[in-house]
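Read the figures in this text as sums done on the coordinates, not as results from a lab. Computed from a predicted model, the values in this text were never measured in an experiment. Backbone-built Cβ (ideal geometry, glycine too); neighbour counts: all protein chains shown.
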Amino acid sequence: MDLMQTTQHNEVVQTTHSRPSVINVGSRCSQLALCQTELVINRLKIINPSLGFNVIKMSTKGDEILDKALSKIGGKSLFTKELEVALYEKKVDFVVHSLKDLPTTLPPGLVIGAVIERDDPRDCVILHKKHNAIKRLSDLPKGSVIGTSSLRRISQLSRHFPHLTFENIRGNLNTRLRKLDDDNKYDGIVLAVAGIDRLGWQERISLYLEKQDMLYAVSQGAMAVECRSDDTATLQLLSVINHAETAIRVTAERTFMRKLDGGCSVPIGTWSTLFGRQARGVGSGVQL
């Protein structure tokens, strides 16, 4: 199912399909992943207060290999494969992803049941406390080390700020912030605003990166709920929380990415806007 089909879920059959009283939900183990899963569950609880939810935590290949940049590991399902296996084996009824982690082509039999309304898609910089007075990246001293494992971020920032040095940094948000604060290696790190916002850590943000400095990742800021294509009850359950406008925008972005055969090893950025029912935007596949 294409993402655009999620915009049609609100018109799905009106009859109530049989569903279990407890829904099993798959999630990665990080604080952010669990926070995002709870955000989705809470939306569903508002509409279905009698339903119970059981969160099943699991680790993915991308979570376990932390000594290499994502582009060096290879593959397009680094943060999703184990969750999708659990769906196939019917251990879970749906799983929650950061949509930017989800490959543009899904495995057979799996679909996106809902796209959650997008939060701020921009990137931001969190600087080491010794740089509290810095207001622009251009003001950082020559050779300052910025931590990021994203080719997209490195390719754009190195073009705009050639005086900076970029070093790989991996791990969940908590780990990366600890490395910034304690390792005395990084002058700053680049992160997605949405994740920082969801965890309530907005006060840590030093600089927001605007369009002229950084095109964001395809689908960044949006969450997706993936389920089995033949699970009519779950599809109907999820249809109510689907955000059509976000689905249109991210469909356009993911189509652009699919055409370029993009993934973690290809530095693709985008910036989209919705006009009525049409998404328009700019995109770039940057050569390193």
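At what distance in nm do the modelled label points of residue 175 and residue 89 sit from each other, each positioned 7 Å from its Cα along Cα→Cβ?
Label at residue 175, label at residue 89, 2.3 nm between them.
First select every other residue whose beta carbon is under 10 angstrom from the beta carbon of residue 185; then total the charges, Lys and Arg +1, Asp and Glu -1.
With Lys, Arg at +1 and Asp, Glu at -1, the net is -3.
Aspartates and glutamates near residue 57 by alpha-carbon distance under 14 Å, same-chain residues fewer than 8 away left out - which ones?
Candidates past the 8-residue exclusion: 38, 82, 84, 93.
Just tell me which aspartates and glutamates come within less than 12 Å, Cα to Cα, of residue 211; anything on the same chain fewer than 8 places away is out.
Cα-Cα hits under 12 Å: 123.
Can you tell me how much longer the chain between residue 22 and residue 54 gets when fully stretched, taken as 0.36 nm per residue apart minus their C-alpha distance, in nm with one decimal?
Length gained, residue 22 through residue 54: 10.8 nm.
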